[in-house]
Amino acid sequence: MELRRIAGLLPEGEYLTKTAYEQHSPKVAHTTIRRRFGGWKEALERAGLGYLYVGQPVSQKMRSQPAKELSNADLISELKRVHALLGKEWLTSDDFNAHSITSEEAVRRRFGTFRKGLDAAGIPNHPFKPRQFTDQECYENIAEIWAHHGRPPQYREMFQPPSRIQGKTYVTRWGTWRKALRAFVDWADTDDQPPRPNESEADMNLVEVPTIKAGRTEAGCREVRPGLRFKVFLRDRFRCLACGRSPATHLNIELHADHVLAVANGGMTTLENLQTLCRDCNLGKGRTVLS
C-alpha cells in the first residue's frame, strides 16, 4: 500500500503527515486516500500505521479526535507542542504541517489566520514580510513543477516541494489558478523572455537571446532557459527519449534538456538541438550523440 511504502521512507518515529506524504511524490494523492477511507487518521489506522511522533508525545485526546472536533485549547496546545519540538524561534506553517497531527488550514479556519493562532499560543510571528515574486519567477516555478510531475501541476501541488512559490500567490496575482496557468502557457509560447537577474549586460552581449520563431539561437551558451526547456519537454511529452521513463509514471525521475550535439562540439542551444533525457541517461551519455 502506498501509505506503508512512504512511511518506510521517513525517519524512524516521524509522523506520516499529509505534507510528508506528498513530499515523496506518491502515486495516489492524499485527497483520494482521505475520500476512500473517510479521513487521514482513518486511512493510517487501516494501514496499521497509527500515530507516530518524534520527541514530545501528544495527548491521547488529540490522538483520537479528528481536527474538526479539537477545541481551541487543543489547537493551541498542538501549536505549542510543535514549536517546542522543533526548538526554533519561529514556527512556520510548513513546519507545522510537517510535524503536527493537524494542519495550518485547521488553525487558520479556527482563528482566522495562522498568525492569529500563533498569537493565541503566545508564539512570536516571523518579522519578515513575504517575498514579492516577479511574473518571470512565477512562470519559471510552474515550468519546474510541470516538469517535476510530467503533467500540468494541480493547485494543491504548488504548496508542496519542490515548488518555491505557493498557489495563493498565483491566485492573488491572476485571479484564479486556471488563469495563472493560461498566462504561463502564453509566456512559454513567447520568444521575448527576459534575461535572469544575475546576468549582466556584458553577458547578454556575448550571446543572442533565443527567438525560436525567428530562427535565432543562443550561440555558444550552455544554459537552457526555462521557457525553452519547457518547450523541449512538451514536445517530447515529458519522457526520456532514451529509456522512455517519465515523472508521471516513475517516481523520482528528473528530466534534463540535453544538447544532441554538445556545445563543445559546435552545438547550439536551439529547440532542434535539444532533447529530453532523464538524469541517469544524461549522465551516462557524455558527449555521445543518441541516434
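The values are calculated or read from the model by the stated rules, or taken from the named source; none is laboratory data. This structure is a prediction, so every number in the text was calculated from the model and none was measured. Counting neighbours? That spans all protein chains shown, and the Cβs are built from the backbone with ideal geometry, glycine included. Protein only, heavy atoms only, side chains kept; ligands, DNA and RNA dropped before computing areas. Shrake-Rupley method; radii C 1.70, N 1.55, O 1.52, S 1.80 Å.
Tell me, please, whether a residue that is among the acidic types (Asp, Glu), open to solvent by 40 Å² or more (accessible area, probe 1.4 Å), under 22 Å from Ser25 (Cβ atoms) and assigned to a helix (DSSP H, G or I) can be found in the stretch 129-147. Yes, the conditions are met somewhere in the stretch 129-147. Filtered by the rule that a residue be among the polar types (S, T, N, Q) and under 15 Å from Cys221 (Cβ atoms), the stretch 262-277 gives Asn265, Thr269, Thr270, Asn273. Within the stretch 71-100, the set of residues being open to solvent by 30 Å² or more (accessible area, probe 1.4 Å) and either without any contact (Cβ under 8 Å) to a residue 12 or more places away in the chain or assigned to a loop (DSSP other than H, G, I, E, B) (or both) comprises Ser71, Ala73, Gly87, Lys88, Glu89, Trp90, Thr92. One residue stands out in the stretch 218-252 among those that are touching a strand residue (DSSP E or B) at 6+ places or on another chain (Cβ under 6 Å) and at pLDDT below 90: the one that is surrounded by the fewest Cβ atoms within 10 Å (Cβ to Cβ), namely Cys221. Residue under question is Pro153, and the condition is that it be within 30 Å of Thr249 (Cβ to Cβ), surrounded by 13 or more Cβ atoms within 10 Å (Cβ to Cβ) and modelled with pLDDT under 90; does it hold? Judged against the criteria, Pro153 is not a match. Count of the stretch 125-140 residues, restricted to those that are at pLDDT 90 or above and closer than 29 Å to His83 by Cβ, is 1. The condition (being assigned to a helix (DSSP H, G or I), open to solvent by 40 Å² or more (accessible area, probe 1.4 Å) and either at pLDDT 90 or above or farther than 22 Å from Asp94 by Cα (or both)) is satisfied by just one residue among Asp119, Asp192: Asp119.
Selection of the stretch 254-268 for residues being open to solvent by less than 30 Å² (accessible area, probe 1.4 Å), of a type in the set (A, V, I, L, M) and closer than 30 Å to Ser25 by Cβ yields Leu255, Ala257. Under the condition of being open to solvent by 20 Å² or more (accessible area, probe 1.4 Å), of a type outside the set (S, T, N, Q) and touching a strand residue (DSSP E or B) at 6+ places or on another chain (Cβ under 7 Å), the residues counted in the stretch 269-284 number 1.
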